[in-house]
Amino acid sequence: MDSNFEQRLLRALPSLSPEFLKKLRSGFEGDCTGHDWHHVLRVVRNAWKIQQSEGGDLLRVLPLALAHDLEDHKLEEKSVSLSEFSQELNYDRDLLERDVSKMGFCGAHGSDGDLDLEVQIVLDADRLDAIGAIGVSRCLAFGGARSQLIFHPEGEALEAKSREEYLKSCSSSIHHFYEKLLHITKHIHTKTGKLMAEARHRRLIEFLEGFLEEWYGEDEIPEELNLKRFSGDGE
Ligand code: ADP
Ligand code: NI
């Protein structure tokens, strides 16, 4: 998708120059945590698709999707700061900073509060990329990059209640599914996003069913890993 898609993006956002896009892209080189440039482009593409049916200002959705991971404290520092980004695109810096600060996820019970439609759209787009086949891959890649085990049977999924608890939690990548990924569908805001999430949620369940069957074999799968409670469309 990439270079054709980047061309489409440049046409849709006249204030974005090819040189600046290249600089932006270079800041994501070498990321192996699943927050690479292709993740950014998928979030832009998902957000664009959602905006086409839900409405909202495309000229606010696209910059936010492009900038959403620029100042994430758990990632390497990027080649471009949010203030450079807003200056270059001639975009309201306070608005962009406010919108970017709403990105992210506070665990199973977190709530986003009241959000403008454009922010809801980009949050949905980012969350869609954390579930489905790509979500499975990103979770395992993130775990590997942080030297975290794929799974260990003594671990437990923490139902984190605060952002601090969430950031501290996680005993293995498979536990991260129970802490976060299996809860994402119920935190999708838009109707279009919810529709896009359905198949992806099912793919998470299918992956975990296979994983647990292969891990435990004939043994009983522990009750806390039972997937029945997640088998609706996101509870
Ligand atoms: P956000 O950027 O929306 O706050 P995160 O950065 O927490 O979300 O998650 C982005 C990606 O990184 C997701 O695909 C998620 O599965 C993965 N990830 C985050 N934390 C962990 C973890 N502790 N173990 C495995 N994967 C993780
Ligand atoms: Ni992201």
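The values are calculated or read from the model by the stated rules, or taken from the named source; none is laboratory data. In this text the structure is predicted, and so the values were computed from the model without any measurement. With ideal geometry, Cβ positions are generated from the backbone for all residues, glycine too; neighbour counts draw on all protein chains shown.
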Go through region 126-155 and give me each residue that's more than 21 Å from Leu195 (Cα to Cα) and either more than 12 Å from ligand 1 (Cβ to nearest atom) or in contact with a Lys or Arg (Cβ under 8 Å, 6 or more places away or on another chain) (or both). His152, Pro153, Glu154
Of the conditions (1) within 15 Å of ligand 1 (Cβ to nearest atom); (2) more than 25 Å from Lys23 (Cα to Cα); (3) in contact (Cβ under 8 Å) with a residue 24 or more places away in the chain; (4) hydroxyl-bearing (Ser, Thr, Tyr), Thr33 satisfies every one except a single condition; which number is it? (2)
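Okay, residues lined up against (1) part of a helix (DSSP H, G or I); (2) touching a helix residue (DSSP H, G or I) at 6+ places or on another chain (Cβ under 9 Å); (3) within 16 Å of ligand 1 (Cβ to nearest atom):
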residue: Gly56; (1), (2), (3): no, yes, no
residue: Leu64; (1), (2), (3): yes, yes, yes
residue: Phe85; (1), (2), (3): yes, yes, no
residue: Ser111; (1), (2), (3): no, yes, yes
residue: Gln120; (1), (2), (3): yes, yes, yes
residue: Asp124; (1), (2), (3): yes, yes, yes
Those residues that are out of contact with any Asp or Glu (no Cβ under 9 Å at 6 or more places or on another chain), more than 15 Å from ligand 2 (Cβ to nearest atom) and not in a helix (DSSP H, G or I), I need them from region 127-156; list them, please. Arg146, Ser147, Gln148, Leu149, Ile150, Phe151, His152, Pro153, Glu154, Gly155
How many residues does region 185-235 hold that are free of Cβ contacts under 8 Å to residues at least 12 places away in the same chain and of a type in the set (Phe, Trp, Tyr)? 1
Could you grab me the full set of residues in region 80-126 that are at pLDDT 90 or above, charged (D, E, K, R) and away from ligand 2 (no atom under 15 Å from the Cβ)? Glu84, Glu88, Asp92, Arg93, Asp94, Glu97, Arg98, Asp116, Glu118
Quick one: would you say Arg60 is among the charged types (D, E, K, R), modelled with pLDDT of 95 or more and surrounded by fewer than 17 Cβ atoms within 10 Å (Cβ to Cβ)? no
What are the residues in region 16-28 that are touching a helix residue (DSSP H, G or I) at 6+ places or on another chain (Cβ under 8 Å) and over 25 Å from Gly132 (Cβ atoms), if any? Leu16, Ser17, Pro18, Phe20, Leu21, Leu24
Residue by residue through region 184-195, note down the ones that are surrounded by 20 or more Cβ atoms within 10 Å (Cβ to Cβ) and either out of contact with any His (no Cβ under 7 Å at 6 or more places or on another chain) or within 17 Å of Leu140 (Cα to Cα) (or both). Ile184, His187, Ile188, Thr190, Gly193
In region 1-30, anything touching a residue at least 40 places away in the same chain (Cβ under 8 Å) and within 16 Å of ligand 2 (Cβ to nearest atom) is listed as Leu24, Gly27, Phe28
Out of the residues in region 32-73 that are away from ligand 2 (no atom under 11 Å from the Cβ) and among the charged types (D, E, K, R), state the one that is farthest from the chain's Cα centre (by Cα). Asp57
Residues of region 180-235 classified as touching a helix residue (DSSP H, G or I) at 6+ places or on another chain (Cβ under 6 Å) and on the phi > 0 side of the Ramachandran plot, total: 2
